[in-house]
Structure formats: C-alpha cells, structure tokens
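Working notes, beginning with the structure itself.
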C-alpha cells in the first residue's frame, strides 16, 4: 500500500484547479446567455440567469476554500494571513512554483474574462429592458412616468393602474 504525501502547495494547487474549473464553467454560462440574448430567447436567458447565480455561489465557496488554504499556509510560514499566494511563492519548493504561477495566471485571466463578459451581458440586458420600456411607453404614453434617481438613473413606473371595464346594471 502506497501513501501519498500531501504538501501544502499540492492542496493549494488542487484549490486553484477547482477555482479555475468554476470560472471556466461560469464563463461558459455567460457565453451561452449572450447567444440566447442575441437569439432573442427570453426563457433561456432567464433560466441561465438562475444557473449563473447558482454557479456564482459555488464559485464563492471554492474561492473561499482556496483563500483559507493560502491563509493557513501563510500562517504556517510565519507570514500574515492576508498574504497573497504570489508573495508566498518563494516559500514553496522551486519545482512547484511554475505550476502554481501558471494556475494563478490562468485564474486571473479567466476572472477578467468573466467580469468583462458579465458586464457585456448586463449591458445587453439593460438595453433590452430599456427598449421594451420605450416601446410600452409609445403604445401607452400616459401610463408611464420617468423619474431620475440622485445618481442619474432613469426609472420608469406605471403612472396609474390599467383601466378596467365595469358592468353596469
């Protein structure tokens, strides 16, 4: 029976791989959502929004696990728990540094792509809602009121409830 020796860096590498996979999964969901937006598939966009939210929660747990592993390693090395993994690389055996550095770089690159794609999707969704509101306002101009927040955001609200028919008698 062979035993596997686990070093602190192997656990950190495992955490980084999981985080990388989660960011990749999240990026994929954003890209599928973007295609659904362009294809005008509102049901798919809504379903994906829920999947994205759930995946983001999972990613948060994965990221916290990695941050805790790095923090524990830092404390074991007599460093502040808030030390970045990159700053701790000199404390890790030389053969492992390139792997960890590559994983850190990949996580950071995917994080930036996820943020950029998320912002783009948010912009597309915001514009779709704005166009929808403008269309409704043109169809029923007296039914909607535009207001502005102190930050300059426009809000459109129904001015009055829709009229209803009453039976006389």
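A few comments on the model shown:
- Every pair of residues 6+ apart whose Cβ atoms lie under 7 Å, when the first sits in the range 122-150 and is over 23 Å from residue 37 (Cα atoms) while the second is in a helix (DSSP H, G or I): 144/136; 144/137
- Residue under evaluation residue 6, criteria (1) in contact (Cβ under 8 Å) with a residue 24 or more places away in the chain; (2) not in a helix (DSSP H, G or I), criterion not met: (1)
- Checked against (1) more than 20 Å from the chain's Cα centre (by Cα); (2) over 30 Å from residue 132 (Cα atoms), residue 39 passes all but a single condition, namely (2).
- Residue 137 satisfies every condition listed in (1) out of contact with any strand residue (DSSP E or B) (no Cβ under 8 Å at 6 or more places or on another chain); (2) assigned to a helix (DSSP H, G or I); (3) surrounded by fewer than 16 Cβ atoms within 10 Å (Cβ to Cβ) except (1).
- Exactly one residue out of 36, 13, 49 is within 30 Å of residue 91 (Cα to Cα) and out of contact with any strand residue (DSSP E or B) (no Cβ under 9 Å at 6 or more places or on another chain): that is 13.
- Residues within the range 78-108 that are part of a helix (DSSP H, G or I) and in contact with a helix residue (DSSP H, G or I) (Cβ under 9 Å, 6 or more places away or on another chain), tallied: 15
- Positions within the range 64-93 being within 22 Å of the chain's Cα centre (by Cα) and surrounded by fewer than 18 Cβ atoms within 10 Å (Cβ to Cβ), in sequence order: 64, 65, 67, 68, 84
- Selection count, the range 11-51, where residues are closer than 27 Å to residue 74 by Cα and free of Cβ contacts under 8 Å to residues at least 60 places away in the same chain: 6
Bear in mind these aren't lab numbers, they're just calculated from the coordinates by the rules spelled out. Just so we're clear, the structure is a prediction, and the values are computed from it rather than from any experiment. No Cβ is skipped: glycine too gets one built from the backbone with ideal geometry, and neighbour counts run over all protein chains shown.
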